[in-house]
1. Quick one: order L14, L158, L20 by neighbouring beta-carbon count within 10 Å, fewest to most.
2. Among S35, S168, S160, which comes first, second and so on when ranked by fewest other beta-carbon atoms within 10 Å?
3. When a footprinting reagent is the concern and you count Cβ atoms within 10 Å, what order do L13, L34, L2 take, fewest first?
4. Which length gain, in nm to one decimal place, applies between L20 and E94 when the Cα-Cα distance is subtracted from 0.36 nm times their residue separation?
5. So, by mean Cβ neighbours within 10 angstrom, what's the order for 36-42, 128-134 with the highest one leading?
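Please treat every number below as a calculation from the coordinates, not as lab data. None of these values were measured; they are calculated from a predicted model. Here the Cβ is made from the backbone with ideal geometry for all residues, glycine too, and neighbour counts use every protein chain on show.
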Amino acid sequence: MLKTIKLTGIVELLILATYLISFEFFINLQIAFLSSFFIILGAMFTYQKMVDTKVDANIVDGKRDLLDTIEDPYELYEDTPLNDTPAEELDFKEIVKEEKKKIKTFSMKNIKYGAKGSFSPFRLVPYLFLVLGFIALNNNDLLNVAIYLPSLLVGIVLGSIIGREVFS
């Protein structure tokens, strides 16, 4: 935790030093940095809470890993034996019905689960800060996109580093 505070403090001091260059440079850098920094941390925190909730509720998906899903989306190379019944005895209509049941569609449960993470205040407030900060800079004729956009990267990088340390 001390490392996190030191790293954030050093970056903030460097940002404050840009005030010597110009106020416009400083304010664009500061607002863009804080916006992206809090967006990344808020997303990581919300995701961590969702994972912890699933773990606490003992909900474990028996899903295959991403690489298996990409390489074999229809599970054609699985080791599980297929039905050894002769073709004359198979009821193809029943097989098609069973396979259609396996296809996942949008359900209220899935929508509720996705919306819960999307509408978290830890995610919404940083986005609100991003939008309002951008509008405020633009309305006060202080917005310099050449400074603002690269400054978003500083917050993303620092947020990722700190998020990995704090939420792992």
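1. Numbers: L14 12, L158 21, L20 9.
Ascending Cβ contact count within 10 Å gives the list L20, L14, L158.
2. Working: S35 23, S168 7, S160 14.
Sorted ascending by nearby Cβ count, the order is S168, S160, S35.
3. On the way: L13 9, L34 18, L2 6.
Arranged by neighbour count, lowest to highest, L13, L34, L2 become L2, L13, L34.
4. Between L20 and E94, full extension yields an extra 19.2 nm.
5. Ranked by mean Cβ neighbours within 10 Å, highest first: 36-42, 128-134.
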